[in-house]
Every structure is written in structure tokens, then in C-alpha cells.
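What follows is a set of notes on a single structure, which appears directly below.
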Amino acid sequence: MWLILAFLSACLLGFYDVFKKKSLKENAVIPVLLLNTLFSSLIFVPFIILSANGTISESSIFFTHSYGWEEHKYILLKSVIVLSSWLFAYFGLKHLPITIVGPINATRPVMVLIGALTFFAEKLNIWQWVGVIIAMVGLYMLSRSSKKEGINFKNNKWIIFVILANVLGAMSGLYDKYLMASPENHGVGLDKMAVQSWYNIYQFFMMLAMLFLLWWPTHKKTTPFHWDWSIPFISLFLSAADFAYFYALGLDGAMISIVSMVRRGSVIVSFLFGAMVFKEKNLKAKIIDLALVLLSMLFLFIGSK
């Protein structure tokens, strides 16, 4: 069941990336991200209220536990990590083709595996090592094909932003496993709905402060903000993707290394839309690079079974 939910999350995440790319076209990043956190918060606030007054029973998958500061401090740290990742990712995606960003994002399971090896004492088998190596080769080839579009991986700050976003995203994935794991399994044992609800709310207030402190004073000199119909769909698809993801992690036997890898299958959706809708260039070379990254995911999947 958790594997099916991981695939569902991947599909939803692909559409999330597409709407994110659409909304950022000639648009200011910080207001778009603020609205994303606002709409995501509005989706989950009713569950918090209805759970608190007893309308939603504890047996429901939508029940949201009430916690004190002892638990909320973990969720607040989650918010900081995710928001930092999103900021780097949004700025990177705004300035780069989605057919480049997608394959880079697909290498995140490699980072998660390395993190699992470091922090959870997991060991890589031969299949996983082959997957890691193929992913690195695919990323290297992507850097070479991207030069045809004037994008140099070594000195392009937007590429660096995307890589930093993935490092922070991998940290968030490992942290999620820690938050969801029971105390008996050396975790915190938090409710998945509480984590998803409150980390969005915390992020909204962080972005609100960022809007008034960083963007508003200089907004007339930078890229202007304009409303786009795709903005609320960012929150809708992200919330649905994260719900499936958190629910999968909360099931017995769920492995963060496999869930993280399957979620990166979202690159297929974003790549197809990049080719058909955004009419991006140099697709033949990128397809080979993407195929290598997907092949690496297959090896990681085989090695993790």
C-alpha cells in the first residue's frame, strides 16, 4: 500500500512542478511562494479546527492531533528546512528550463541513500551502488548537454540553487522519517496530519515576514507580481502529493529510500510538459540524460527490495 501511495505522490508532484513553472513565468518568486503557503494552510486549517472540537474522530485519516511546544519545535524545524529548499528551488526553476531542473531533482534519492547510510546505519548493496554511479553519470551528461543552451553547471548560480534545494530536500526527507517513526524506533512519533498542517502554517508566517522585509521595499525595482490561475493549483497538487507521501511513511514497513526514489518519478510528468507545453529545446540529448537517471532509480529500487 505504501508503495502505491508513493507512486500516486510522484504523479501529483509532477503536476505540482508544472504549475509551479507556469506560475513563475515573468513573475516575482516571493509573492508566489507566499500564496502557495497561504493556500496550503487554508486547506489544512479546517482539519485542525474540526479535530479539536471533536467533529473529526481520532479513527479518521484526517484527524489532526493537538500538540504542545515539545512537539511543535520539531515541526518548526521541518518548516525552516522545507522553506529554505523551496526558496532555492523556486528561484532555480524560474530561471532554468524544467527539462534541466527535473533530471537534477531526480537525483535526490541518491542523497537520501547517502543520508540513510550516514544517519540510519543503512548499507548500500551492489545494486544501489550501481544506481548511485549511473545517477552521477546522468547528471554529468546533463551538465554537458545543458551547455548547448548556454548553461554551465560550474558557474551558473541557478544550477547551484537547484542543487542546494535538493540537498535540503533530502535532509527534509530523512527528517520526515525521524518525525514519523515511533519512539520505540528512535523517532518522535508525530501525527502525519499535524506535521503537514502546521509546517504549512509556520511557513506562511515566515513568508509573510519575508515579503514585507525583503520583497516589498524593492518590489518596484524587481520583477513585478501578477496573478496567475496556476498559483492555487501549486498548493492543491503539493498538498495532495504530500498527504500521500506522509501517509505512506506512516505505514508499517515503509522505507524512506524507496519512497523518496519513487517520488522522483515525477520528473517524467514535468519533462513531458516541458517538451509539449513549454516547448523547451535540446530534448534529444536530455532524454538520454533522463533515461540514465531513471535507470539509476530502477537499480535503486531493485537494490532496496
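Once the dipole of region 1-125 is set up with Lys and Arg at +1 and Asp and Glu at -1 on Cβ about the Cα centre, which of Phe7, Ser51, Ser23 lies farthest towards its positive end?
Ser23
Roughly speaking, to the nearest percent, how much of the chain's 1.4 Å accessible area is carbon and sulfur? Intermediate results must be reported in sequence, preceding the final value.
Details: 9990 of 14230 Å².
Roughly 70 percent of what the probe reaches on the chain is carbon or sulfur.
Which residue, chosen from Asn36, Val269, Ile234, occupies the Cα position most advanced towards the positive end of the dipole of the chain, where the dipole is computed from +1 (Lys, Arg) and -1 (Asp, Glu) charges on Cβ about the Cα centre?
Result: Val269.
State, as an integer percentage, the relative contact order of the chain based on alpha-carbon contacts under 8 Å between residues 6 or more apart. If you can, show how the numbers build up before the last one.
Working: 429 pairs, mean separation 129.1, N = 305.
Once normalised by length, the contact order is 42 percent.
For region 159-240, what is the accessible area per residue in Å², given a 1.4 Å probe and the full set of protein chains?
Normalised by residue count, the accessible surface of region 159-240 is 49 Å².
For Leu213 and Trp129, what is the calculated FRET efficiency with R₀ set at 45 Å and r taken between the beta-carbons, to the nearest 0.05?
Numbers: r = 45 Å, r/R0 = 1.01.
Computed FRET efficiency for Leu213 and Trp129: 0.50.
Which Cα, out of Val162, Thr223, Gln203, lies furthest along the positive dipole direction of region 146-236 (beta carbon charges, K/R +1, D/E -1)?
Checking the options against the dipole of region 146-236, the answer is Thr223.
Note down the magnitude of the dipole of region 157-257 about its Cα centre, charges +1 on Lys and Arg C-beta and -1 on Asp and Glu C-beta and zero elsewhere, to the nearest 20 debye.
On the way: 5 positive and 6 negative charges, 114 e Å.
Roughly 540 debye for region 157-257.
Where Rh denotes the Kirkwood radius from the mean inverse Cα pair distance, what is Rg over Rh for the chain? Intermediate results must be reported in sequence, preceding the final value.
Numbers: Rg = 19.1 Å, Rh = 19.8 Å.
That ratio equals 0.96.
Filter the cross-link list Lys192/Lys284; Lys94/Lys192; Lys25/Lys177; Lys73/Lys220; Lys73/Lys221; Lys20/Lys73 down to pairs whose alpha-carbon distance in this structure exceeds 32 Å. Let's see the in-between values first.
Details: Lys192/Lys284 41 Å; Lys94/Lys192 30 Å; Lys25/Lys177 34 Å; Lys73/Lys220 36 Å; Lys73/Lys221 37 Å; Lys20/Lys73 29 Å.
Listed pairs above 32 Å: Lys192/Lys284; Lys25/Lys177; Lys73/Lys220; Lys73/Lys221.
For a protection proxy built on the mean count of beta-carbon atoms within 10 angstrom, sort 261-274, 197-210 highest first, please. Write down the numbers at each step before the final one.
Working: 261-274: 23.1, 197-210: 20.1.
Result, highest mean first: 261-274, 197-210.
Using the heavy atoms of the protein chains and a 1.4 angstrom probe, tell me the accessible area per residue for region 62-120 in square angstrom. Please list the in-between numbers first.
Working: 2200 Å² over 59 residues.
Per residue, region 62-120 has an accessible area of 37 Å².
Using Cα centres only, tell me the gap between region 175-197 and region 201-252 in whole Å.
First find each Cα centre; the distance between them is then 23 Å.
For a quick check, take a GNM of the chain with Cα springs below 10 Å and name the residue from Thr218, Thr99, Thr107 with the largest mean-square fluctuation.
Maximum among the listed residues: Thr218.
Only helical DSSP H runs with n ≥ 4 go in: add -39500 (n - 2.57) per run for the chain, normalise by residue count and round the 222 nm mean residue ellipticity to 500 deg cm²/dmol.
Details: 12 runs with 218 residues, N = 305.
Helix contribution divided over all residues of the chain: -24000 deg cm²/dmol.
Provide Rg over Rh for region 190-272; use the alpha carbon set for both Rg and the Kirkwood Rh (inverse mean inverse pair distance).
We get a ratio of 1.08 for region 190-272.
Using the Cα centre as the reference, give the magnitude of the dipole from point charges on the C-beta atoms of region 1-74 (Lys, Arg: +1; Asp, Glu: -1; all else neutral), rounded to the nearest 20 debye.
Charge dipole, region 1-74, about its Cα centre: 380 debye, nearest 20.
Only Cα pairs within less than 10 Å get springs; with that Gaussian network setup on the chain, which residue of Ser79, Ser60, Ser51 has the largest fluctuation?
Sorting by GNM fluctuation, first place goes to Ser60.
Tell me the relative contact order for region 22-116 as a rounded percent, counting alpha carbon contacts under 8 Å between residues six or more apart.
On the way: 33 pairs, mean separation 25.6, N = 95.
Result for region 22-116 is 27 percent.
With springs connecting C-alpha atoms under 10 Å apart, model the chain as a Gaussian network and identify which of Gly115, Gly253, Gly14 has the largest mean-square fluctuation.
Highest fluctuation among the options: Gly253.
Please report the equivalent ellipsoid semi-axes of region 4-140, computed as sqrt(5 x eigenvalue) of the Cα gyration tensor, largest first, in whole Å. Don't jump to the answer; show the numbers that get you there.
Details: eigenvalues 194, 114, 43 Å².
Three semi-axes, in Å: 31, 24, 15.
The values are calculated or read from the model by the stated rules, or taken from the named source; none is laboratory data. Only a predicted model underlies this, so the values are computations on that prediction, with no experimental measurement involved. Every residue, glycine as well, gets a Cβ built from its backbone with ideal geometry; the counts of neighbours run over all protein chains shown. Quick note on the areas: whole protein, heavy atoms, side chains included, nothing else; ligands and nucleic acids left out. Shrake-Rupley method; radii C 1.70, N 1.55, O 1.52, S 1.80 Å.
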